[in-house]
1. Quick one: count up the residues across the stretch 44-60 that are under 25 Å from residue 91 (Cβ atoms) and away from ligand 2 (no atom under 11 Å from the Cβ).
2. Just the residues that are part of a loop (DSSP other than H, G, I, E, B), away from ligand 1 (no atom under 16 Å from the Cβ) and within 23 Å of residue 21 (Cβ to Cβ), please, taken from the stretch 69-114.
3. Being within 16 Å of ligand 2 (Cβ to nearest atom) and surrounded by 20 or more Cβ atoms within 10 Å (Cβ to Cβ) is the filter here; which residues of the stretch 18-43 pass it?
4. Going through 194, 188, 184 one at a time, which residue ends up being at negative phi and within 16 Å of ligand 2 (Cβ to nearest atom)?
5. Taking residue 193 as meeting all but one of (1) without any contact (Cβ under 8 Å) to a residue 24 or more places away in the chain; (2) of a type in the set (D, E, K, R); (3) in contact with a Gly (Cβ under 9 Å, 6 or more places away or on another chain), write down the number of the exception.
6. What pairs can you find where one residue is in the stretch 92-120 and of a type in the set (Lys, Arg), the other is buried (at least 17 other Cβ atoms within 10 Å of the Cβ) and assigned to a strand (DSSP E or B), and their Cβ atoms are less than 9 Å apart, with a gap of 6+ or different chains?
Amino acid sequence: MEVKLMRNILDSNDEIAAFNRETFAACGVVVMNLMGSPGSGKTTLLEKTLARLVDKIKIAVIEGDLFTAKDAERIERLGVDVIQINTAGGCHLDAAMIQKACTSLDLDVISLLIVENVGNLVCPAEFDIGENFKAVVLSITEGDDKPLKYPLIFKESEVVLLNKVDLLPFTNFNLQSAREDLTTLHPTIKIFETSCTKGTGLDDWAAWLLGKAAH
Ligand SMILES: Nc1nc2c(ncn2[C@@H]2O[C@H](COP(=O)(O)OP(=O)(O)OP(=O)(O)O)[C@@H](O)[C@H]2O)c(=O)[nH]1
Ligand SMILES: [Mg+2]
């Protein structure tokens, strides 16, 4: 009974996600679903990325958060259009939430829509929101065992940002073994090593994202 209910929820989510995807394509919007654990650095990376790209393309952001508008306020300060979704305790965004949020955006003028999902390494990966691609942030302080422990999100994501590399000297995180595990799970995954405090890797990442938005 429970299994059937979950299947029904996912089926109806997939239908709305397909509708979202068609709408985005018709409007020429590329959509990135940005996922990762709480505190991995999603919003900070977004701030650094927007600072590099706002002069080049029109970007909008949807912020997913359980209860607050704290992240949306950070993005708004950069002068970027941002819509807040509060899930009221829900652990992920779904396609219907994105569909509703998009009614407040002028999709025809946006080239890149970035959706920061709720901080969680499990549930967001299970829900298609109609994005073009998923990205996952894994921070150094979380440990190098996370790809194998939470494989779905790394299998689903086209790109992974290994963030907070400035903290490598203070942890036992093994970059080589994390890279090997990521590539075993997902042979074509693109890997960036980033530090939002030192600026490492951010220009390369922003250039890659700009390339995605141009397609
Ligand atoms: N040392 C270091 N700290 C970082 C880096 N990136 C982010 N942080 C810090 O990590 C903390 C969490 O960053 P956020 O960007 O709020 O993380 P988040 O993933 O958006 O968190 P949630 O939205 O709550 O899931 C903040 O104190 C950031 O300043 C980094 O590259 N290095
Ligand atoms: Mg955040």
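1. Total meeting the criteria: 2.
2. Listed by number, the residues that qualify are 94, 103, 104, 105, 106, 110, 111.
3. Across the stretch 18-43, the qualifying residues are 32, 33, 34, 35, 36, 37, 40, 41, 42, 43.
4. Residue meeting the stated conditions: 194.
5. The number of the failed condition is (1).
6. The qualifying pairs are 100/85.
Rule-based calculations on the coordinates, nothing more; no lab input. From a predicted model like this one, the values you see are computed outputs, not experimental measurements. A quick note on method: Cβ atoms are made from the backbone with ideal geometry, for glycine too, and the neighbour counts reach across all protein chains shown.
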